Amino acid sequence: MKHAYVFPGQGAQAVGMGKDLYDNVPEAKALFEQANEILGFRITDIMFAGTDEELKQTRVTQPAVFLHSVIMAKALGVKPDAVAGHSLGEFSALVVSGALSFEDGLKLVSKRAMAMQAACEQQPGTMAAVLGLKDSQVEEICASIDGVVVAANYNCPGQLVISGAVEAVEAACVKAKEAGARRALRLPVGGAFHSPLMEPAKQELEKAIEEAPFQTPTCPIYQNVAAKPYTDPAAIKANLIAQLTAPVRWTYIVEQMLGDGVTEFTELGPGAVLQGLIRKVDAQATVESKSTL
């Protein structure tokens with residue numbers, strides 16, 4: 001029996017996240033306070049009692065989701081047989097598996113958030129969810145559009161998020177509906193994540209990832225870019241750098257994990273998005289979400 005721990009990405013955040021850990025677990029409180037020092041502002045104030053708008057800022061959201069996930073894992077003392085994270089969640093997975101220290105992981109997440117925010121301001125873009133078509137149909141539609149639009153998040157069968165320039169994404173949504181998509185709707189995001197428009201952020205983050213000390217993880221990490229398990233630090237770094245402009249292959253990560261003998265999944269951090277996606281890949285999967293102790 002293999003137990004995998006999985007970690008959510010941006011969009012899972014909610015005001016109040018992590019407060020029970022801070023209030024009830026001294027070790028967790030110490031990590032949150034360490035995070036406040038590393039970041040140079042009291043992220044805990046925004047996480048526990050801020051507004052939705054404050055929490056939605058990329059520079060806040062990404063470290064907040066990372067902190068909730070990682071500190072929850074440490075409070076539970078988890079010993080996973082495998083880990084994976086959706087986009088940003090891959091950094092949480094790396095820390096929980098021992099490939100990155102808490103401090104180095106948080107610093108990289110903060111740099112990633114700032115770099116992505118800057119890229120969004122430099123090249124405005126958007127994302128849209130397409131429901132009810134095969135992955136190959138959506139890929140063909142994207143390829144037929146003038147302008148930048150690509151498959152960005154393979155979330156589960158029949159749900160694929162596309163990303164790119166605003167006009168190209170809107171044109172792809174029209175074609176998707178014509179092709180029989182149940183829905184094709186713009187998402188309330190500030191940029192074209194996991195698309196070529198993130199190239200400036202990728203270049204900025206590459207140096208920081210190259211310089212960060214990575215260790216061999218205690219268990220395989222199934223990475224977004226190839227949906228395969230990795231333990232070699234050099235390969236993990238390369239995949240992490242590629243991740244910003246490459247799609248998140250979540251459907252295929254879950255399928256690969258199941259094929260490799262994972263029998264139980266626990267989602268750690270805010271929300272229960274991944275629990276729902278895993279069940280859509282395999283309705284019989286044993287999966288739970290833990291956002292509080």
- Could you list, in sequence order, the residues of the range 128-137 that are touching a residue at least 40 places away in the same chain (Cβ under 8 Å) and more than 21 Å from the chain's Cα centre (by Cα)? 132, 133, 137
- Message: Cβ-Cβ distance below 6 Å, separation of 6 or more or different chains: which pairs start in the range 192-218 with a residue that is of a type in the set (Asp, Glu) and end on one that is open to solvent by less than 20 Å² (accessible area, probe 1.4 Å)?
- Response: 204/115; 206/241
- Only one of 58, 44, 51 is surrounded by 15 or more Cβ atoms within 10 Å (Cβ to Cβ) and more than 19 Å from the chain's Cα centre (by Cα); which? 44
- Of the numbered conditions (1) part of a helix (DSSP H, G or I); (2) surrounded by 24 or more Cβ atoms within 10 Å (Cβ to Cβ); (3) out of contact with any Leu (no Cβ under 8 Å at 6 or more places or on another chain), residue 112 satisfies every one except a single condition; which is it? (3)
- Task: Just one of (1) on the phi < 0 side of the Ramachandran plot; (2) surrounded by 16 or more Cβ atoms within 10 Å (Cβ to Cβ); (3) free of Cβ contacts under 8 Å to residues at least 40 places away in the same chain trips up residue 234, so point out which.
- Result: (2)
- Note on the structure: If we ask which residues in the range 153-171 are open to solvent by less than 30 Å² (accessible area, probe 1.4 Å) and touching a Ser or Thr at 6+ places or on another chain (Cβ under 7 Å), their number turns out to be 6
- Task: Could you please give the count of residues in the range 115-152 that are open to solvent by 40 Å² or more (accessible area, probe 1.4 Å), polar (S, T, N, Q) and not in a helix (DSSP H, G or I)?
- Result: 1
- How many residues of the range 194-219 are out of contact with any helix residue (DSSP H, G or I) (no Cβ under 6 Å at 6 or more places or on another chain) and either farther than 18 Å from residue 5 by Cα or open to solvent by less than 40 Å² (accessible area, probe 1.4 Å) (or both)? The answer is 14
- What tally of residues in the range 14-35 results from selecting those that are in a loop (DSSP other than H, G, I, E, B) and closer than 19 Å to residue 96 by Cα? 3
- Give the number of residues within the range 218-240 that are within 14 Å of the chain's Cα centre (by Cα) and β-branched (Val, Ile, Thr). 2
- Residue list for the range 36-82, restricted to those being among the β-branched types (Val, Ile, Thr), modelled with pLDDT of 95 or more and in a loop (DSSP other than H, G, I, E, B): 51
- Note on the structure: Filtering the range 61-101 for residues that are surrounded by fewer than 20 Cβ atoms within 10 Å (Cβ to Cβ), of a type in the set (A, V, I, L, M, F, W, C) and free of Cβ contacts under 8 Å to residues at least 60 places away in the same chain leaves a count of 0
- Query: Hey, among the residues in the range 1-32 that are closer than 12 Å to residue 292 by Cα and among the small types (Gly, Ala, Ser), which one's farthest from the chain's Cα centre (by Cα)?
  - Reply: 16
- Query: Of all the helices (runs of 4 or more DSSP H) wholly in the range 186-262, which have at least 3 residues that are closer than 21 Å to residue 142 by Cβ?
  - Reply: 199-211, 250-259
- Out of 105, 89, 147, 85, report the one residue that is on the phi > 0 side of the Ramachandran plot and modelled with pLDDT of 95 or more. 147
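The values are calculated or read from the model by the stated rules, or taken from the named source; none is laboratory data. Please read all numbers here as calculations on a predicted model, not as lab measurements. Here Cβ is always computed from backbone atoms with ideal geometry, including for glycine, and neighbour counts include all displayed protein chains. Heads up: the accessible areas ignore ligands, DNA and RNA and are worked out on the full protein's heavy atoms, side chains in. Shrake-Rupley method; radii C 1.70, N 1.55, O 1.52, S 1.80 Å.
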